[in-house]
């Protein structure tokens, strides 16, 4: 049976911003979710997560349209400007 390493509160606090943004890799995201869901005495975890969510909310409110999905034609316009499908060496990775 494989035993998981339990994340510490210090580790969680260090990752709280990225966790709130869902910017961690899958394993880190799951480890943070497990940690914050544990019924133990936390040391700054909930506060760090609340602060991260507060910053996200303020940023979203400060940027007009930030919560709206981009226009459907946006990727087509980006691809056209990069020369996707034209054989341009600048767009080969697309």
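The values are calculated or read from the model by the stated rules, or taken from the named source; none is laboratory data. This one's a predicted model, so the numbers in the text were calculated from it and none came from an experiment. Please note: Cβ atoms are built from the backbone with ideal geometry, for glycine as well, and neighbour counts cover all protein chains shown.
Being under 19 Å from residue 13 (Cβ atoms), free of Cβ contacts under 8 Å to residues at least 12 places away in the same chain and surrounded by 11 or more Cβ atoms within 10 Å (Cβ to Cβ) is a property that residue 24 has. Against the numbered list (1) more than 15 Å from residue 17 (Cα to Cα); (2) without any contact (Cβ under 8 Å) to a residue 24 or more places away in the chain; (3) surrounded by 12 or more Cβ atoms within 10 Å (Cβ to Cβ), residue 43 comes up short only at (2).
Evaluation of residue 79 against the conditions (1) surrounded by 12 or more Cβ atoms within 10 Å (Cβ to Cβ); (2) at pLDDT 90 or above shows that the sole unmet condition is (2). Within region 13-48, being assigned to a helix (DSSP H, G or I) and more than 22 Å from residue 58 (Cβ to Cβ) holds for 26, 27, 28, 29, 30, 31, 33, 34, 35, 37.
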